[in-house]
Amino acid sequence: MLNDLYRQSWPRFLFAVVTGLLSGLAGAGVVSVISDCASSTAPVRTLAPLFFLVCIVQVLCKSFSQLTLMRLTQEAVYRLRIELCRKVLAMPYRKLEDMGKARLLAILTTDISTYTQAAQLMPSIFSNGIVIVVCLCYVALMSWKIFCCLALLLALGTSGYSFASRWPTRQMHKAREQIDVLFRLFRSLLEGIRELQLNASRAGHFIDQLVDPSAKHFRSLYVRAMVGYTFFDNLGGALFFLVIGLLLFVMPIWLPQPPNVMITLTFLLLYLISPVGEVMAALPSVRQSEIALGRIRQLEAELTVGHGEPVGPPFVDPFSHPVSGAPLLRFEAVYHNFPGLTEDKPFVLGPIDLSVEKGELLFIVGGNGSGKTTLAMLLLGLYAPEQGRIVLNGVGVDRLNLGHYRQYFSAVFSDFHLFDEILCGDQREIATKATNYLEKLGLAHKVRIESSRFSTTSLSLGQRKRMALVSSYLEDRPIYLFDEWAADQDPAFKRVFYTELLPELKRAGKTVFVISHDDTYFHCADRIVRLAEGKLIINRAPSGGSDVGIIQSASLA
């Protein structure tokens, strides 16, 4: 952590070191003045002003050092949070799915919080560490023989503590791993709360057989770790008193010293009790922070090495620089594998050969497990093709411009997330448009736009889905995808969606993909893309009619 702080801002770090050293010297000076007064080696009138002066210097320098380090540590925590969030956003969605939301959430919450707590202790640990070092140097100036004995005892004590603390550290590592298990269970609890409330037997099994044993196991591991840390910390404090006893009662026999030196050394060691105790008390938090930081660095490595999307040149805007004769979007023999029911039989989507013109309205239909969602993820650039390629208006999509490619899409997923904020556009213009859409979707009496935010999102699922549609409309992207949007809507809003909103997007020149099972409104589509077992069949539906038959079929190989 100190190395990170130095690299973050070496001038401020050095300022903290210098003021910390001055604070340590002033602390040693306080001890020296007190010992001089106790041994009557100088007049009180001379010592009194000096005593108050070094006290003021010690307080000011220690405060400057701690405040500087506090700012540095909080900036380090801030940057760590932002960098992790940016790396998560830059990570391919498929890789994030493999990692699991529970693990990511545990690191972004528990580990960051643990690291933050240690960062809050760092100024105190650092300043106390400097005081201890300065005071030991003062001991060396007074008597190098006593310093050698003291250093030997401290080295033995430190080595013994480091060796003995391995066991509680292992327990703490296991406790941290158990947190991932608990987070997975907590996530299941929140996402499956309706099912559990409907089945008391299942709910009881979930709590008694899954959550309770996992929570008990974490409690046992954590308590064992903290018992070990507490015992060894208290033992370390007792050993420090043992050092004082050896200095007072044993060392004078082996290494006789003048009375004034013994008085100063005694005061010095008594003065060090508080700094040493604070450092020892902070060690468990530092150990936990070490474990948390290891998990964070491991995640950073996974998010960075070989998995992130490189930043390439900006995507050539296909709408500002159209390629003559090229369709808006083209899939060329695109394949994508997805884990199936068995490892040796993955689900394969493809080959997909599909051309889409600007302003076209396409319905994607098919049974459950036919590949509709996987095709949608490929369309949006959230999954990358394993074979074949995607071409946007004559420009091939690759890893270098995939992030730019995604910026041409807006989507409302079946498992959508509704943000409170409206994350786009000029506030006045957006507020006017949003109010208009809210009225059209029957939400104006419940939701208002206040400072580019929805006044509330605590609504029914269907209403929240309508609000997600409003947010998507306000993004004003060239291409839209709606995944089963109408599934949770009343008949009246289904009709508005299919007969008013979708044609409105089409008139605005938008290209729209709709994943739907509402065959009543299939006649609204320009084309119907039907999937079955990962294979694609393209139908046409004339205006006002129904499907008239297959006119094009992709290879079924």
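The values are calculated or read from the model by the stated rules, or taken from the named source; none is laboratory data. It should be emphasised that the depicted structure is a prediction, and the values quoted were computed from it without experimental measurement. So basically every Cβ, Gly included, is an ideal-geometry build from the backbone, and we count neighbours across all protein chains shown. Each accessible area value is taken on the protein alone, full model and side chains, heavy atoms only, with ligands, DNA and RNA left out. Shrake-Rupley method; radii C 1.70, N 1.55, O 1.52, S 1.80 Å.
Tabulated data for the structure shown
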quantity: Sequence of Asp208, Asp233 from largest to smallest accessible area, 1.4 Å probe; calculated: Asp208, Asp233
quantity: Virtual paramagnetic centre 7 Å along Cα→Cβ of Val286, amide N under 13 Å, in segment 1-31; calculated: 1-3
quantity: Residue-normalised accessible area of the chain, expressed per residue, 1.4 Å probe, Å²; calculated: 52 Å²
quantity: Value of Rg/Rh across segment 108-151 [Cα atoms, Kirkwood radius]; calculated: 1.34
quantity: Proximal lysines relative to Lys372, as straight alpha-carbon distance under 24 Å, when same-chain residues fewer than 8 apart are discounted; calculated: Lys95, Lys101, Lys345, Lys358, Lys465, Lys494, Lys506, Lys510, Lys535
quantity: Solvent-accessible area of Cys85 with every protein chain in place, 1.4 Å probe, in Å² to the nearest 10; calculated: 70 Å²
quantity: Rounded to the nearest 20 debye, dipole of segment 409-532 from Cβ charges on Lys, Arg, Asp, Glu; calculated: 220 debye
quantity: Segment 1-87, Cα convex hull volume normalised per residue, Å³; calculated: 82 Å³
quantity: Computed Kirkwood radius, in angstrom, where 1/r is averaged over Cα pairs of segment 48-105; calculated: 15.1 Å
quantity: Residue-averaged 222 nm ellipticity for the chain, from DSSP H runs of 4+ at -39500 (n - 2.57), nearest 500; calculated: -19500 deg cm²/dmol
quantity: Span-rule helices in the chain, defined as complete DSSP H runs reaching 27 Å or more along the axis (Cα) with Kyte mean at least -0.5; calculated: 10-39, 44-90, 112-142, 144-164, 212-245, 259-304
quantity: Phe64 - accessible surface, heavy atoms, 1.4 Å probe, Å² rounded to 10; calculated: 110 Å²
quantity: Exposure rank, largest accessible area first [Tyr405, Tyr271; 1.4 Å]; calculated: Tyr271, Tyr405
quantity: P(r) histogram, all alpha-carbon pairs of the chain included - 20 Å bins from 0, percent; calculated: 16, 36, 25, 16, 6, 0
quantity: Rg/Rh ratio calculated on Cα atoms of segment 134-177 (Kirkwood radius); calculated: 1.31
quantity: Selection from Ser452, Thr373, Val348, by position along the positive dipole direction of the chain (Cβ); calculated: Ser452
quantity: Sulfur and carbon atoms: percent of accessible area, the chain [1.4 Å]; calculated: 61 percent
quantity: Which of Ile207, Leu14, Leu152, positive extreme of dipole for the chain (C-beta unit charges); calculated: Leu152
quantity: Whole-Å semi-axes of the ellipsoid equivalent to segment 122-273 (Cα gyration tensor, √5λ, descending); calculated: 53, 14, 11
